There are 2 protein chains.
Amino acid sequence: MARKPPTKPRKNALQERSRATVDALVEATARILVREGFEKTSTNRIAEIAGVSVGSLYQYFPSKEALVAAVINRHNEEIMGIVRSALIEITDMPLDKAVRRLVTVAIEAHRINPELHRVLAEQIPRAGKLDVEAFNREIHTLVRAYFDGHRKEIRKIDLDVATFICVSTIEAIAHNTVLNQAAMLSDKMVRTLVDETTRMVVGFLR
Amino acid sequence: MARKPPTKPRKNALQERSRATVDALVEATARILVREGFEKTSTNRIAEIAGVSVGSLYQYFPSKEALVAAVINRHNEEIMGIVRSALIEITDMPLDKAVRRLVTVAIEAHRINPELHRVLAEQIPRAGKLDVEAFNREIHTLVRAYFDGHRKEIRKIDLDVATFICVSTIEAIAHNTVLNQAAMLSDKMVRTLVDETTRMVVGFLR
DNA sequence: AGGAAAAGCGAGTGAATGCTCGCATTATAG
DNA sequence: CTATAATGCGAGCATTCACTCGCTTTTCCT
């Protein structure tokens, strides 16, 4: 029964220290992406920084893209964790409180790892694109569900259009605030931006 | 007087057909960026598509980045042309009409060459970044100037904050509308989005 | 016409990089 | 203890690609 020659098709199966290897590789990739940019991120360098060999790298990741995709997913999961729990939190809150919370959370999420976020947002070469779409759709669905549950507080308007506009707006303001205005980010400024953005969105919805 | 050996330090001096060569190179770069993505955009391929030799390419552009930067600038200039004239147009218009025009123009601008816009927005590796910042600042300044001239129609609010929020919002909605919703872009939908976005921004300002 | 400069050419070079493959080391099972 | 699998290694291969250089062709000027 020599059915399975020692063929390890590469990539799956993690049992012990190999978990650490995989983690080290993903972490190293993130670090290099931030510190050197996507262009300088080579597999040899990733392996070097992770303290493993290129060979080991290719045992768990079939390509450089797979590695970058892993970093993107990890980052997106962090963000989605925050966003999901926020949306649970606000389920029964009135519109103005809820929107304020969403705006705050959006900024917090962007502040998790701004440098990484910037690189991922600006230099994605191809991979992970589908996953990002999926996350966007999930956010849209969750926000829409909240709106739907609070119809009475909202004027007559197509909920998909309203969701699209609100999500785009909040995301953009959070993004630009954290990434383009890093300097002028006093707490007072942030509070002003949250106040004003909330005002705009709430005013729009009702 | 052998002062000037046939040294042509590369890059400047365009007099006749060379202009056509330069144009062909920029155009070819844009085409390849759109059709193959940044990763596959090599100088040899650019020269091939442009119908010139690599040598000629390097007579006018000192590096691949210079070529990409030229494409970015050309595209940005197209957009800024539209935006600038819109801002002149609206100078004396009332707030609601003016905002509506701005929203419409933003979408129009994104529709000039959506594919190229996407590649430039998503895959910029480094170059052109400074120029993009400059354009953003110019837009901010122009919009702020309009707001300043129409203070009476606007509630008491820091004009920089208001401008930041409005510009971010309009840009994001236009961007997402054209790039992520390309499918569902009936004229009716666009009109709805323009209406609602205008309503939100105007409601916010006064 | 004739000479010089501008424009154009494209095979070739050198460096970077993604990835493989045969082997060494470590862990697990019987 | 020994066999077997899992994990790890890293020199090197193959390829790609930005860019150079010596040369030819075209244009301009007198």
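The values are calculated or read from the model by the stated rules, or taken from the named source; none is laboratory data. Since we're looking at a predicted model, the values are computed, not measured. Cβ placement follows ideal geometry from the backbone for every residue including glycine, while neighbour counts extend to all protein chains displayed. Remember, those area values only see protein heavy atoms, side chains included, never the ligands or the DNA or RNA. Shrake-Rupley method; radii C 1.70, N 1.55, O 1.52, S 1.80 Å.
For this structure, a couple of remarks:
- Across the identical copies, the 7 Å label point of B:Gly149, projected outward along Cα→Cβ, sits 4.7 nm from its counterparts, in ascending order.
- The alpha carbon centroids of the range A:26-61 and the range B:100-118 are separated by 38 Å.
- For chain A, the longest site-free run once GluC sites (Glu not before Pro) in DSSP loop states with at most 13 other Cβ atoms within 10 Å are removed: A:40-206
- Inter-copy label distances at B:Ser186, shortest first and taken from points set 7 Å along Cα to Cβ: 5.0 nm.
- Taking the empirical scaling 2.2 N^0.38 Å for compact globular proteins as reference, the protein assembly as shown has a Cα radius of gyration ratio of 1.14.
- The C-alpha atoms of chain A define a longest principal axis, and helix A:64-89 lies at about 30 degrees to it.
- 3J(HN,Hα) from dihedral phi, the range A:43-50, Karplus parametrisation 6.51/-1.76/1.60, rounded to Hz, x for glycine, proline: 5, 4, 5, 4, 4, 4, 5, 6
- Residues of the range A:39-65 whose accessible area, computed with a 1.4 Å probe over protein heavy atoms, drops by at least 20 Å² once all protein chains are present relative to their chain alone are A:Glu39.
- Listed residue (A:Ala121, A:Ile173, A:Thr41) projecting farthest to the positive dipole end of chain A, Cβ model: A:Thr41
- In order through the range B:185-190: 3J(HN,Hα) via Karplus (6.51 cos²θ - 1.76 cosθ + 1.60), integer Hz, x for Gly, Pro: 10, 5, 4, 4, 4, 4
- Closest approach to the B/A rotation axis among chain B Cβ atoms, residue and whole-Å value: B:Ala172, 2
- Principal semi-axes in Å for the range B:123-171 [√(5λ), Cα gyration tensor, largest first]: 27, 10, 7
- Taking the C-alpha atoms only, the angle from helix A:114-123 to the longest principal axis of chain A is near 80 degrees.
- Fully extending the segment from B:Val132 to B:Glu78, taken as 0.36 nm per residue of separation minus the present Cα-Cα distance, adds 18.1 nm.
- Distance between modelled label sites at B:Gln15 and B:Asp158, nm, 7 Å Cα→Cβ extension: 5.6 nm
- Selection from B:Ala145, B:Ile112, B:Phe135 lying farthest towards where the dipole of the range B:101-206 points positive, charges on Cβ: B:Ala145
- Long-range tail of P(r) for the range A:10-62 (Cα pairs > 15 Å, %): 40 percent
- Helix axis angle, A:17-36 relative to chain A longest principal axis, alpha carbon, degrees: 60 degrees
- Under the convention that each Lys and Arg Cβ holds +1 and each Asp and Glu Cβ holds -1, the size of the dipole of the range B:17-62 around its Cα centre is about 80 debye.
- Computed over chain A, the alpha-carbon pair-distance distribution with 10 angstrom bins reads 8, 29, 27, 19, 12, 4, 1, 0, each value a whole percent.
- Inter-centroid distance (Cα atoms) of the range A:65-91 relative to the range A:131-190, Å: 15 Å
- Helices in chain A, meaning DSSP H runs of at least 4 residues, each add -39500 (n - 2.57). Divided by all residues, the mean residue ellipticity at 222 nm is -24500 deg cm²/dmol.
- Cβ-vector label at 7 Å, A:Glu115, separations to other copies in nm: 3.7
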